[in-house]
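Data first, discussion second: the structure below is written as structure tokens.
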Amino acid sequence: MKKLFLASYFKGVASIFADFEKNLRGKTVTFIPTASKVEKVTFYVKAGKKALEKLGLNVDVLEISTATYNEINTKLRGNDYIYVTGGNTFFLLQELKRTGADKIIMDEVNAGKLYIGESAGAMITSANIEYVKGMDSVKKAPELTSFDALDLVEFYTVPHYNNIPFKKITKKLVDSYSSTLKLFPISNNEAILVENDKVKSERTNS
């Protein structure tokens, strides 16, 4: 049973998540803020963490770029859920590959562990992240040799669709790739719910 919850801005869709995954109280989520490490704007990290705690979850932070393989392996395999925040998608992929965390996440999610991805954390679940070049700087990941990503879903998430300050960028991305890739654009108040082959989006009323 493959289960993923993908969003642009988790805090804005936390109510959808609470309906999607019941009995959250007391469960532990591995919280990976790595993508935000090379960004100036990072308010969404704290907002996401608070939203998870408000739902009754224990948040276990895992900074992939500085953690040991043992720590990465223990937390990803031992905790109930995996949460990956936004930031630079290329830096995130670089660090996941460098540490071997990418393989562990793929194993765990394919075995049924719930994956929550926010913005970069959502885009990285596609087969390849080359399409993200218009949104994120590749220069922040100088050691990245391949854009092949986690390959957990058969579509390509476009977060922040029609939201300021990403209005122009996301429209351009959709115009450029919609004929070649199966794009799934979502705004900040939408989430993509994946359960095995069933994929649907839900939106909050705000």
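The values are calculated or read from the model by the stated rules, or taken from the named source; none is laboratory data. Worth saying up front: this structure is predicted, and the values here are computed from it rather than measured. As a convention, Cβ positions derive from the backbone with ideal geometry for all residues, glycine included, and neighbour counts pool all protein chains shown.
Using the structure shown, decide if PHE5 is in a helix (DSSP H, G or I) and within 20 Å of ASP80 (Cα to Cα). The answer is no for PHE5. Of all residue pairs spaced 6 or more apart or on separate chains, those with beta-carbon atoms under 8 Å, a first member in the stretch 53-68 that is closer than 17 Å to ASP102 by Cβ and a second member that is in a loop (DSSP other than H, G, I, E, B) are GLU63/PRO33.
Here the stretch 13-44 is the region considered, the condition is being touching a residue at least 40 places away in the same chain (Cβ under 8 Å) and in a loop (DSSP other than H, G, I, E, B), and the residue that is surrounded by the most Cβ atoms within 10 Å (Cβ to Cβ) is PRO33. Going through (1) more than 27 Å from LYS103 (Cα to Cα); (2) surrounded by 15 or more Cβ atoms within 10 Å (Cβ to Cβ) one by one, LYS172 falls short only on (2).
Among the conditions (1) in contact with a Ser or Thr (Cβ under 9 Å, 6 or more places away or on another chain); (2) of a type in the set (D, E, K, R); (3) not in a loop (DSSP other than H, G, I, E, B), the only one that ASP151 does not satisfy is (3).
Does the stretch 99-109 contain at least one residue that is among the acidic types (Asp, Glu), farther than 26 Å from PHE17 by Cα and not in a strand (DSSP E or B)? Within the stretch 99-109, none of the residues are among the acidic types (Asp, Glu), farther than 26 Å from PHE17 by Cα and not in a strand (DSSP E or B). Which of the residues belonging to the stretch 45-73 are in contact with a strand residue (DSSP E or B) (Cβ under 7 Å, 6 or more places away or on another chain) and not in a loop (DSSP other than H, G, I, E, B)? GLY48, LYS49, LEU52, GLU53, ASN58, VAL59, ASP60, VAL61 - these are the residues of the stretch 45-73 that are in contact with a strand residue (DSSP E or B) (Cβ under 7 Å, 6 or more places away or on another chain) and not in a loop (DSSP other than H, G, I, E, B).
For the stretch 75-98, give me the residue count where each residue is part of a helix (DSSP H, G or I) and either closer than 25 Å to GLY56 by Cα or not β-branched (Val, Ile, Thr) (or both).
Initial filter on the stretch 75-98 (part of a helix (DSSP H, G or I)): 75-78, 89-98.
Still in the list and also either closer than 25 Å to GLY56 by Cα or not β-branched (Val, Ile, Thr) (or both): 75-78, 90-98.
Number satisfying all stated conditions: 13.
Would it be correct to say that LYS97 is at pLDDT 95 or above, within 23 Å of VAL132 (Cβ to Cβ) and of a type in the set (Lys, Arg)?
Answer is yes for this residue.
Can THR170 be described as assigned to a strand (DSSP E or B), of a type in the set (S, T, N, Q) and under 23 Å from GLY87 (Cβ atoms)? No, not satisfied.
Of the set (1) outside any loop (DSSP other than H, G, I, E, B); (2) modelled with pLDDT under 95, all apply to ASP136 but (1). Among the residues of the stretch 135-186, the ones that are under 19 Å from the mean Cα position of the chain (by Cα) and among the charged types (D, E, K, R) come to 6 in all. As a summary of the residue check, ALA111 satisfies the conditions (1) free of Cβ contacts under 8 Å to residues at least 24 places away in the same chain; (2) in contact with a Phe, Trp or Tyr (Cβ under 7 Å, 6 or more places away or on another chain); (3) not aromatic (Phe, Trp, Tyr) except for the one numbered (2). Looking only at residues of the stretch 110-133 that are part of a loop (DSSP other than H, G, I, E, B) and not hydrophobic (A, V, I, L, M, F, W, C), we find that the one that is farthest from the chain's Cα centre (by Cα) is GLY112.
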